[in-house]
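The values are calculated or read from the model by the stated rules, or taken from the named source; none is laboratory data. All values reported here derive from a predicted model rather than from experimental measurement. FYI the Cβ positions are ideal-geometry reconstructions off the backbone, even for glycines, and counts take in every protein chain you see. Heads up: the accessible areas ignore ligands, DNA and RNA and are worked out on the full protein's heavy atoms, side chains in. Shrake-Rupley method; radii C 1.70, N 1.55, O 1.52, S 1.80 Å.
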Amino acid sequence: MIKKLVFNIRIWVTIITPFVLLLLPATFFDSGESICLSKLLAGRECYACGMTKATMHFIHFDFHKAWEYNKLSFIVVPLLIPLWVKAFYERNGKSLPGILGKLT
């Protein structure tokens, strides 16, 4: 019972989150303090620094800003798309067909 509830919550959050992020303005996360432990403790940026900002600009088609915040967003965001599609299939009790089903 609890496993099914957790499964359904995880699936719905995965499906709804991209739509919520699209409704927010691209600059929603641009201001504020960094919460990166690497930046706070060591004073150095890690590879993930700026990924949230870059992802927001990427999904709003502001590719220049996304590149400025984090170049890896051009790899990470396209890799999130199959995981999002997988959530739709899992919600219906199916698995992804073909090679994507075996990889994810």
With contacts defined as alpha carbon pairs under 8 Å and 6 or more residues apart, what's the relative contact order of the chain in percent? 24 percent
Could you tell me which chymotrypsin sites (Phe, Trp or Tyr not before Pro) in the stretch 52-96 are loop residues by DSSP with no more than 15 other beta carbons within 10 angstrom of their beta carbon? Phe61
Cα-Cα pairs of the chain separated by more than 16 Å (percent): 66 percent
So how much slack lies between Val77 and Glu45, counting 0.36 nm per residue of separation and subtracting their Cα-Cα distance, in nm? 9.5 nm
Could you tell me which chymotrypsin sites (Phe, Trp or Tyr not before Pro) in the stretch 14-51 are loop residues by DSSP with no more than 12 other beta carbons within 10 angstrom of their beta carbon? Tyr47
Scan the stretch 32-83 for trypsin sites (Lys or Arg not before Pro) in coil per DSSP, keeping those whose Cβ has at most 10 other Cβ atoms within 10 Å, and list them by number. Arg44
In whole percent, the fraction of accessible protein surface over the stretch 7-56 that belongs to carbon or sulfur atoms, probe radius 1.4 Å, stands at 69 percent
All lysines inside 30 Å of Lys86 as judged from Cα atoms, apart from same-chain residues fewer than 8 positions distant: Lys3, Lys4, Lys53, Lys65, Lys71, Lys94, Lys102
Over the chain, with neighbouring protein chains present, the accessible area per residue in Å² at probe 1.4 Å is 77 Å²
Once each part is reduced to its C-alpha centroid, what is the distance from the stretch 14-52 to the stretch 85-100 in angstrom? 28 Å
